[in-house]
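Each remark here refers to the structure printed beneath this line.
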Amino acid sequence: MIAAEERSGEQIYRQRCASCHGAKGEGSEEYKRPLTGDRSVAQLARFIAKSMPKDSEQKCTGEEAQKVAVYIYEAFYSKIAQARNKPPRIELSRLTVRQYRQTAADLIGAFRSPPIGGTAFPPISQRGLKGEYFKSRHLGRQNERVLERIDPVVQFDFGVAAPSLPSAPSGKGKTAEMEADQFSIRWSGSVLVPETGEYEFIVRTEHATRLWLNDDKRPLIDAWVKSGNDTEHRASLFLLGGRAYPLRLEFSKAKQGVDDSKKQKKKPQVKASIALAWKPPHRTPEIIPQRCLSPLAVPASFVLATPFPPDDRSVGYERGTTISRAWEQATTDAAIAIVDYVASHLAELSGVRDDAVDRPAKLREFCRRFAERAFRRPLTDEVKHLYIDHPFANARDVETALRRSLLFVLKSPRFLYREINGGGDGYDVAARLAFTLWDSLPDAELWHAAASGQLATRAQVLRQAERMVSDPRTHAKLHDFFMQWLKVDPAPDLAKDPAQFPGFDHAAASDLRTSLELFLDDVLWSEASDFRQLFLANYLYLNGRLARLYGIDLPPDAPFQKVAPKFGERAGILTHPYLMATFAYTTTSSPIHRGVFLARSVLGRTLLPPPEAFTPLPAELHPKLTTRERIDLQTRPQACQTCHGMINPLGFTLENFDAIGRFRDKEKDRPVDATGGYLTRKGEVVKFAGVHDLAVFLAASDEVQEAFVEQLFHYFVKQPIRAYGADKISQLRRFFVDNHCNVRKLMVEIATESAWFRAKQ
């Protein structure tokens, strides 16, 4: 028999561990979970010495624990070992739901004039809607137009007077050219939608109004003929994020409306007001803000509303690796919806009149160009014959031929799947760039670059990625990534005890989400785009309503603005009230939820699910205990400490923030203990005196940087990062650090690397 000190780690494992965990760590009937994770060798050795073998009085300790830990780590536990045992590869995958919708919109948009994708918005100082003011109730008569200007928002209360119109740089108003009892206004431009979902548009006025949104022929809201006493009109649309949609709002005041002077003997004075609001996804109604309005006109966009089954997100990002009957049916329904839309807008999209002599030939050419854009490359003769020539040769009329051709294209694997060719020519590079940054097709400039051989070098690919990252579609994709990274997608229910937190209602929760998004935009789309400032920034965005709730002195009607509380009270996203309220209960904070968020999302650690159902100890059962003391009591058992030994010390650093994220220095009339710590993967113990220490550590942590790089790559590319090289994470992390943790530059590098990787093979 081999002496204990002479046995190898593999021999110890086979003798003492394999019966429960499998010969290669794959698990067994009793322990189904495979032996994989992110602990270091030192951490594994400590865990084995404390806990293994389970239910055995003779533990594996000392040198044995160290040997078996090294063997497990190198054989199958670490990510490097996992990649070696089952090398990841770039997978053939279908379009995700997001990619399908974005692709459909840009496929139709490519045939509009001008071709559209995500439309760039002007600087914030030039945003708003173009307002045309007329001195009669009739719109469009140029000789009656008094003024044209840009209005930041549409929210006016004219009272019983006419609008006050500026006449000179002095700022003095004049009303002589407009009468108080009849005037009209037209606002036009576009609205930028920040995220995908159902939007409810609301027009409030006592007078005649119409609203067109993404359709210049049929109003979304039509209250031009006034009847009854309704002063609020609503209608909903499903819209795609990161896109601008044409908007036109008309208002007319005539001798109708609310009589404000019934007792007067003179001519009645009639009040007039108008406001344009919306209810975005996860929000309460608000006036459409200036940052989402532009005076620039844009073409309409096609928005596919066909329901799809959700994509698999089990690995942390959406991927199209599974095919179901429901997905197959959804692609059929979507194809029919797209073809119906093309048919109803055929003259506009094809540029062919109904009475054109050469209409059949031109529509055949339109179908060829449609197929090329859908397939992301020119058609070979064989493909052209299958998708164009054959449908046109066997149809009874040209309309039927067009529908068949388009349906064949939209149901083709060449459209529905990515990486189907696996090649590396310019068209493949262009498609990979576009799907990485936009989840969509190449635009006209990228298509031209591919066609003219201008994607033949890495430098050329990089230049295109640098151009594309400023597109609103990239902005929307990065927004959605951070909503998932911060665990607030889907939007959480932030119901709190009204007796304990008066004033914290649905409107406040909606404002907090806006506050978080404004903070993210401020950091990520600044020139520095410094990831570290997500932790270190000592400010947040508040409006008047939130300022009152969080003890900041602002006027009640103040718009959102940057506010800097006392130094040390805020640490970027770590202490943002929206996240603090999300990771909390209705009456108390939750160090566990906050610690899990920090461990999983920020540090990228793997946590096992609790061994049994977890029910938190109600605060009323231990009224004298602080939240920290109550958590310590519940998670004291050794079985809990496997994970809570990391979770709790992280979460405790945020105990200065209550269930709605207000700063506090006392709980139960005792000073808050916000000390904590973290055992790094290298085995180093880091101590924190509070959230400021934690923020400084996270901002400089290579673990945080590596986890962020990996998660951002997966979300944007939707392929395993190790399929692009075993050291790809390390390379990208070094690039990230060398470029001062610039998130925008990291996106460009990820897009360039993932697109160029296949081209150079």
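The values are calculated or read from the model by the stated rules, or taken from the named source; none is laboratory data. Nothing here was measured: the structure is a model prediction, and the numbers come from that model. Cβ atoms come from the backbone with ideal geometry, glycine included; neighbour counts cover every protein chain shown. Calculation scope for accessible area: heavy atoms of the full protein, side chains included, ligands and nucleic acids excluded. Shrake-Rupley method; radii C 1.70, N 1.55, O 1.52, S 1.80 Å.
Numbers below:
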item: For segment 545-677, radius of gyration divided by Kirkwood radius, i.e. Rg to Rh on alpha-carbons; result: 1.00
item: Span from the segment 572-591 Cα centroid across to the segment 1-79 one, whole angstrom; result: 38 Å
item: Unit charges on C-beta of K, R, D, E only; dipole of segment 10-165, Debye; result: 340 debye
item: For segment 403-412, 3J(HN,Hα) per residue [Karplus equation, 6.51 cos²θ - 1.76 cosθ + 1.60, θ = phi - 60°, Hz, x = Gly/Pro]; result: 4, 4, 4, 5, 5, 4, 5, 6, 9, 6
item: Rounded if a/c under 1.5, otherwise prolate or oblate - segment 236-375, Cα gyration tensor axes; result: oblate
item: Given charges at beta-carbon only (K, R positive; D, E negative), |dipole| of the chain in Debye; result: 820 debye
item: Selected from LEU520, VAL469, PHE366, residue furthest toward positive end of dipole (the chain; charges at beta carbon); result: PHE366
item: Accessible area (Å², per residue) of segment 562-606, counting only protein heavy atoms and a probe of 1.4 Å; result: 30 Å²
item: Peptides ranked, highest mean first, by Cβ atoms within 10 Å: ranges 411-417, 205-211; result: 205-211, 411-417
item: Karplus 3J(HN,Hα) series, Hz, for segment 560-572 with 6.51 cos²θ - 1.76 cosθ + 1.60 (x for Gly, Pro); result: 4, 8, 6, 10, 10, x, 4, 4, x, 7, 10, 9, x
item: Scattering curve values for segment 81-145, log₁₀ I(q)/I(0), Debye with Cα scatterers, q = 0.17, 0.27 Å⁻¹; result: -0.90, -1.07
item: Subset of LYS32/LYS682; LYS624/LYS687; LYS217/LYS362; LYS59/LYS687; LYS477/LYS745; LYS24/LYS79 violating a 22 Å alpha-carbon distance limit; result: LYS32/LYS682; LYS624/LYS687; LYS217/LYS362; LYS59/LYS687
item: Using alpha-carbon coordinates, inclination of helix 691-700 to the longest axis of the chain, degrees; result: 90 degrees
item: Between helix 472-485 and the chain: long-axis angle, C-alpha atoms, 0 to 90°, nearest 10; result: 40 degrees
item: Charge-dipole axis of the chain as Lys and Arg at +1 and Asp and Glu at -1 on Cβ define it, positive-most pick from LEU147, ASN229, GLN454; result: LEU147
item: Hydrodynamic radius by Kirkwood, which averages 1/r over all alpha carbon pairs of segment 714-760, in angstrom; result: 10.9 Å
item: Signed unit charges on C-beta, dipole axis of the chain, positive-most listed residue GLY690, TRP485, SER529; result: SER529
item: Alpha carbon Rg of segment 352-511, scaled by the compact-globule rule 2.2 N^0.38 Å; result: 1.51
item: Alpha carbon convex hull of segment 485-562, volume per residue in cubic angstrom; result: 112 Å³
item: Lys, Arg +1 and Asp, Glu -1 on Cβ, resulting dipole of segment 655-761 about Cα centre, debye, nearest 20; result: 440 debye
item: Span from the segment 677-748 Cα centroid across to the segment 281-354 one, whole angstrom; result: 34 Å
item: Per-residue SASA entry for ARG467, accessible area with 1.4 Å probe, Å² rounded to 10; result: 80 Å²
item: Ranked by how many other beta carbons lie within 10 Å on average, peptides 194-204, 485-495 from highest; result: 194-204, 485-495
item: Along each principal axis, Cα extent of segment 391-439, largest first, Å; result: 41, 21, 16
item: Angle between the chain longest axis and helix 506-524 axis [Cα atoms, degrees, rounded to 10]; result: 80 degrees
item: Over segment 411-488, equivalent-ellipsoid semi-axes from the Cα gyration tensor in Å; result: 24, 17, 10
item: Relative packing of peptides 140-146, 515-521 - highest average C-beta neighbours within 10 Å first; result: 515-521, 140-146
item: Taking N as its residue count, the alpha carbon Rg of segment 1-122 over 2.2 N^0.38 Å; result: 1.82
item: Accessible area of segment 308-389 divided out per residue, in Å², using a probe of 1.4 angstrom; result: 53 Å²
item: Gap separating the Cα centres of segment 198-253 and segment 482-511, nearest whole Å; result: 29 Å
item: Ellipsoid semi-axes in whole angstrom, largest first, where each is sqrt(5λ) of the Cα gyration tensor of segment 295-377; result: 32, 16, 13
item: For the chain, the Rg and Dmax computed from alpha carbons only, in angstrom; result: 30.5, 116
item: Mean projected area in nm² (Cα convex hull; one quarter of hull surface) for segment 665-761; result: 8.4 nm²
item: Carbon/sulfur fraction of accessible area - the chain, other protein chains in place, 1.4 Å, %; result: 52 percent
